[in-house]
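Just below is one structure, and these are the notes that go with it.
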Amino acid sequence: MRVSGSGSGGNSFFGGKNRSDSFRQKHRCGQKVKGILLKNLSDNMAWVEINGDKLLAQLEVYHPRGSRLTFIIKQLVPDIILKELTLGQTTGSTPLNLASAFDTARTLFENALRQELQSAKAVSPRLSQVDFFKLIASNAQLCACYLDATGCARALSTPLEQKGKGRILYQPWYAPYSRRQVTFVHQNNEKSALNTSIVEFDHTQLGLVRVEFMYGNGKVAYKIKMQHPKHSTALLRYLAAQTHLELTDQPDNLGIMKLPNFSHGGIITEMVFKA
């Protein structure tokens, strides 16, 4: 059953009678619903899943597979018509929901990445940036999950950047076998001041790890904060094996300390939700 368009900016869904009836029974007009894009087709058509119902959608703009979309139900009878909401039109624009969206997308990608690494029988804890993107380019589904995660990271980072408070990046190649990787970068406008970069990840044995880099005038130093400092030797071996580009000397290690309990929520919690 084909559904006519809903005008500029609108989206139309159509499908078999069973899918349409199932969707109508679960929803009401004016309700906001979230869907996952399952597969792109030609002519801006795509299969999406909304609360367990798989429907065919005509989208105004292209979205990568795995993208999470938000719609408002404009009409249920005689045809199902939904309108896609932009980020600024949804409650997802709040810091809490932006952080939640990133965490969900990041988890989906990390699970897919580990499966790919295991199938490739990759045993080294290292994964160079070049090798990472070669792996991503060879797997369309993995690439879609990665693009979704980086898109959520950008959305989360934008309010911070607008206020000059720093930038959030997702760089999973730094800790491919770990979880919750995130990088926070803050560049100081004063020439004499040090810039900072914080690389954070959650490891099965090491717990939450935060490596804080300080750099300026060609010098780099770092200090490590660990949830379980007793495993610091293993972490130091890993860091020593990394290649630090554009540096004549290895960065100075300023020491290892226990990560404070109030930091166990992660760097996003501290930077995004702090007053």
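Read the figures in this text as sums done on the coordinates, not as results from a lab. Fair warning: this is a prediction, and the values are worked out from it, not measured in the lab. Backbone-built Cβ (ideal geometry, glycine too); neighbour counts: all protein chains shown.
Which shape class applies to the stretch 136-217: rounded if a/c is under 1.5, otherwise prolate when a/b exceeds b/c and oblate if not, where a ≥ b ≥ c are the square roots of the Cα gyration tensor eigenvalues?
Verdict is oblate for the stretch 136-217.
Going Cα to Cα from K134, which aspartates and glutamates come in below 20 Å? Please leave out same-chain ones fewer than 8 positions away.
By straight Cα distance, K134 reaches E110, E116, D148.
Grab the beta carbon distance between L236 and K34, set R0 = 41 Å, and tell me the FRET efficiency rounded to 0.05.
0.45
Ranked from highest to lowest mean number of other Cβ atoms within 10 Å per residue, what is the order of the peptides 139-146, 61-68?
Ranking the peptides 139-146, 61-68 by packing returns 139-146, 61-68.
Stretch V77-V130 to full length: gain in nm at 0.36 nm per residue minus the Cα-Cα span?
Gain on stretching V77 to V130: 14.0 nm.
Taking R0 as 22 Å, what FRET efficiency do you get between T269 and N195 from their Cβ-Cβ distance, rounded to the nearest 0.05?
0.50
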